[in-house]
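Nothing in this text is a laboratory measurement; each read-out follows from the coordinates by a stated rule. None of the values given here were measured: they were computed from a predicted structure. Cβ: placed from backbone, ideal geometry, glycine included. Neighbour counts: every protein chain shown.
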Amino acid sequence: MIHRAVRAKAPTSFGARARDYDRLRPGYPARALTEAWAALGGGPPGTALDVGCGTGKLAGALAALGHRVTGVEPDPRMAAVAAAHGLAVEVGAFEAWDPRGRRFDLVACGQAWHWLRAGDRTAKAARCLRPAGRILLAWNFGSYPPSAEAGLTRVYAAALPDGLPAGQGGRKDLTEADADAYADELRAHGFAATKIAVSWQSRLASREFCALLGTESRHLALPWATRRRLLRAVAAYLDAEEGGEIRTDYTCVIVAASKATA
């Protein structure tokens, strides 16, 4: 079910590829989420707010673990896909979103925390929590086998001598070091924060991989013809040199934080 909320400036480039995003973007391993929940003291699942829920990747994983999840998402096209999965979603930017007096046991955010303003995001998340509430921030960081990494570097250098653009909002690629900085921000707001990392793998056929690349903000910032030419070159390389597929070695990194009881 989708509800409308106040809209503010927010990243909405992903909605143009919402169904590919839902089909191909990596999810969050149950092991990583259960380890993070245990690090936060465990206990029964409760109510959760998923900030920037997108098509429901993290919200669905939390719901599968028993949490009762409400999502807030700025792009109505992404929210529609999440709602089609049976998730309750309110359309709006988190910064302007009104919880209407509701408080949650958990505030979660998957692959979207960096879109929110530093400091303000943690302060608002804290206001959305019940006493002894928890925060869970999740990312997937991917790398490729050395041969594929070198080959893709050559393809990108030939197609884009100046490299990929920054993408909407000036965002570049994140690293695990960014997660450390987010943990420090939470600590500065009085949370106890820890980091959990779980490794996992994915394999995609060349066309699926190119469709996945086409859901990322830096690729979406390219002119359509340039993006099409680049992704065709990527597919041709994978078909010729990597057996028509690619393995991605992911690390699911979760920053888990608990709030002191009031």
Stretchable slack from ARG187 to ALA236, in nm (0.36 nm times residue separation minus alpha-carbon distance) = 13.0 nm
ask   = Given R₀ = 25 Å, FRET efficiency for ALA96-ALA132 by Cβ-Cβ distance, to 0.05?
value = 0.40
message = Can you tell me, using C-alpha contacts under 8 Å and at least 6 residues apart, the relative contact order of the chain as a whole percent?
response = 25
task = Find how many whole Å separate the alpha carbon centroid of segment 97-111 from the alpha carbon centroid of segment 35-73.
result = 10
ask   = What order, most packed first, do the peptides 155-162, 33-40 have when packing is the mean number of other Cβ atoms within 10 Å of each residue?
value = 33-40, 155-162
message = I'd like to compare 190-202, 135-147: which one has the highest average count of other Cβ atoms within 10 Å, and what's the full order after that?
response = 135-147, 190-202
